[in-house]
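The structure appears right after this line, and notes come after that.
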Amino acid sequence: MSESARPDIGSGGPGRGGGRRRFIGVGVGPGDPELVTFKAARVLRTAGVILVPATEASADGPGRAERIIADVVPDGAARIRRIPFSMAQRRGVGARRADSWRASADAAVEAFGSGCRTVAFATVGDPAVFSTFSYLRATLARRMPDVDYELVPGITAMQALAAASTTPLAEGREILALVPATVGPDRLGRLLDVADSAVIYKGGRTLPEVLRALRERGRRAVIGTDVSLPDQRLVDLDEIDADETLPYFSAVLTTPERTITGGRI
């Protein structure tokens, strides 16, 4: 085993060796455990504590990130700490979100205080894309400025949706945009007028507005829910009712008509 692949395990157990303390945001992909990278799996196996978000939807049971970890690191259950994250607040930094970041920071501080040298925060998708990790990091950094911060990238929902629908995200000189539906219909419309391909996140509740913007521009699109999981749902734009809504873990991919091999290289 190479030095870089050695488990980060000291005499006190996983993640409790010597060296600087590390807080690592780990992307665990969209849902399929087989899409977790080797590096992410290694960090999850060796971290002293693994923080996972627990939303209202998961209630008292495991959330998506925790379920993925259970498959990847079966013996990691004792090191998992659930952190409450509210999905009820749609926009802005309100009390619920601030409480979630504070609770996560408290859990990390407690873990480091108990002797952990490595604490991981597992997030669905990628920790650098619309992730709560960035907010948590900022909160924790104010309290523990001597901790090192790292990110382990994960496969995103837009990549999984493109793969599941066998649709290239971008070709040639095409412009690809990633946008949350929460920007509102006006900004979304302006973006669709500029971008060749676009992936729209967080559109479950506002799907009617998203569909309207797409249809007004004659765009084609595929909508995916729970992509990469056994019960994934993929539907074309014309199969969705105008007033239909979808669960949180849904995404929309719209691409241009491609009539030339290789796109506009």
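Filter region 103-125 for residues that are open to solvent by 20 Å² or more (accessible area, probe 1.4 Å) and within 30 Å of residue 227 (Cα to Cα) and give the result. Once the filter is applied, which keeps residues that are open to solvent by 20 Å² or more (accessible area, probe 1.4 Å) and within 30 Å of residue 227 (Cα to Cα), region 103-125 yields 103, 124. Among the candidates 37, 55, the residue that is at pLDDT 95 or above, hydroxyl-bearing (Ser, Thr, Tyr) and within 30 Å of residue 233 (Cα to Cα) is uniquely 37.
If we scan region 15-28, do we find a residue that is modelled with pLDDT under 95 and either closer than 20 Å to residue 227 by Cα or open to solvent by less than 20 Å² (accessible area, probe 1.4 Å) (or both)? Among the residues of region 15-28, at least one is modelled with pLDDT under 95 and either closer than 20 Å to residue 227 by Cα or open to solvent by less than 20 Å² (accessible area, probe 1.4 Å) (or both), which makes the answer yes. Among the residues of region 197-217, those identified as modelled with pLDDT of 95 or more, open to solvent by less than 70 Å² (accessible area, probe 1.4 Å) and more than 13 Å from residue 179 (Cα to Cα) are 213, 214. The one condition from (1) over 30 Å from residue 69 (Cα atoms); (2) open to solvent by 30 Å² or more (accessible area, probe 1.4 Å) that residue 231 does not meet is (1). The set of residues in region 87-136 being at pLDDT 90 or above and basic (Lys, Arg) consists of 117 alone. For region 234-249, the set of residues classified as open to solvent by 80 Å² or more (accessible area, probe 1.4 Å) and modelled with pLDDT of 90 or more consists of 238, 239, listed by residue number. Just to be sure I understand, how many residues within region 126-175 are of a type in the set (Ser, Thr, Tyr), open to solvent by 60 Å² or more (accessible area, probe 1.4 Å) and either over 30 Å from residue 103 (Cβ atoms) or part of a loop (DSSP other than H, G, I, E, B) (or both)? The total comes to 1. For region 181-218, the set of residues classified as touching a strand residue (DSSP E or B) at 6+ places or on another chain (Cβ under 6 Å) and either more than 28 Å from residue 29 (Cα to Cα) or assigned to a strand (DSSP E or B) (or both) consists of 197, 198, 199, 200, 201, listed by residue number.
The values are calculated or read from the model by the stated rules, or taken from the named source; none is laboratory data. Every value quoted in this text rests on a predicted model; they were computed, and no experiment measured them. A quick note on method: Cβ atoms are made from the backbone with ideal geometry, for glycine too, and the neighbour counts reach across all protein chains shown. Side chains are part of the model used for accessible areas, which takes the heavy atoms of the whole protein and leaves out ligands, DNA and RNA. Shrake-Rupley method; radii C 1.70, N 1.55, O 1.52, S 1.80 Å.
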